[in-house]
Each structure stands twice: as structure tokens, then as C-alpha cells.
Amino acid sequence: MARLGLMSESYHLADVWGGAEVSFGSMVKLQPNGVLFIRFKGD
């Protein structure tokens, strides 16, 4: 997440298209040419 400038775990991450919450630091598998659209909000 440091690559995105999110240095703290005080963010809520959510998959915009799938509606699922995403854990900070978790790995996500995508299909080739897949896209993950994430929304984040700080506490």
C-alpha cells in the first residue's frame, strides 16, 4: 500500500464493482487483463 501513498492501516478499502471489503495488505488475484477498482476512506 505504500506504493499508493497509504502508509497507515487506518483506511477502509472496498471493491467498488464487487461490493466486498478488502483487507489492508491482502493479496488479490485477478484474471489476465483484470481490473480491481478500490475505494478507500480514512478513519
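Taken together, the values in this text are just the output of simple stated rules run on the coordinates, not laboratory data. If you're wondering where the values come from, they're calculated on a predicted model, not measured in any experiment. Glycine gets a Cβ as well: all are built from the backbone with ideal geometry, and neighbour counts include every protein chain shown.
Once the Cβ-Cβ distance between residue 12 and residue 35 is put in as r, and R0 is 22 Å, what FRET efficiency do you end up with, to the nearest 0.05?
The calculated FRET efficiency here is 0.60.
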Cβ-Cβ cut-off under 13 Å around residue 28, Lys and Arg +1, Asp and Glu -1: the net charge is -1
